[in-house]
Amino acid sequence: MADAVVVVALLLVAGAATAAVVNRDPVRQALVLSVLGTALAVLFTVDQAPDVGLSQLAVGSALTPLLIMLAVRKVRRRPAEPGEDGEK
């Protein structure tokens, strides 16, 4: 039974990691990264490392995607300055 749970967790991690690589939109990548962090937290917990799983849940599932989304929002809201993109 425990081996089946580990295999399912590994498949979730592999699927989420593949989805993160395939996506080209930074916002979607951040959301998939959050799913990947949650899947890794589940994998760590199943592998009897709950402390690492909790750390992964806090940092990998919440904090890192949030910072990425805030950075993308800041970059997209910045107006183009004269001289950029070859314009005068």
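Quick notes
- Answer label for P(r) over Cα pairs in 5 Å bins from 0, in percent (calculated), chosen among (i) 3, 15, 17, 18, 14, 10, 7, 5, 4, 3, 2, 1, 0, 0; (ii) 2, 13, 17, 14, 9, 7, 6, 6, 6, 6, 5, 4, 2, 1, 1; (iii) 3, 15, 25, 26, 18, 9, 3, 1, 0: (i)
- With helices as the sole contributors, the chain gives -24500 deg cm²/dmol at 222 nm; each DSSP H run of n ≥ 4 counts as -39500 (n - 2.57), and the sum is divided by every residue.
- For the chain, size of Cβ-based charge dipole, Lys and Arg +1, Asp and Glu -1, in debye: 400
- For the chain, built as a Gaussian network whose Cα springs stay under 10 Å, the top-fluctuating residue of GLY60, GLY37, GLY15: GLY15
- Within a Gaussian network of the chain (alpha carbon springs, distance under 10 Å), most fluctuating of VAL22, VAL52, VAL32: VAL22
- Within the accessible area of the chain (1.4 Å probe), percent carbon and sulfur: 67
- GNM on the chain, alpha-carbon springs under 10 angstrom: the most fluctuating residue among LEU63, LEU36, LEU12 is LEU63.
- ASP3 - accessible surface, heavy atoms, 1.4 Å probe, Å² rounded to 10: 120
- In sequence order, calculated HN-Hα J values of segment 67-75 (Karplus, 6.51, -1.76, 1.60; Hz; x Gly/Pro): 5, 5, 5, 5, 5, 5, 4, 5, 5
The values are calculated or read from the model by the stated rules, or taken from the named source; none is laboratory data. Just so you know, these numbers come straight off a predicted model, no measurement behind them. Neighbour counts are summed over all protein chains in view; Cβ atoms, including those assigned to glycine, are modelled from backbone coordinates with ideal geometry. To get the accessible areas, we keep the full protein, side chains included, count just its heavy atoms, and leave off ligands, DNA and RNA. Shrake-Rupley method; radii C 1.70, N 1.55, O 1.52, S 1.80 Å.
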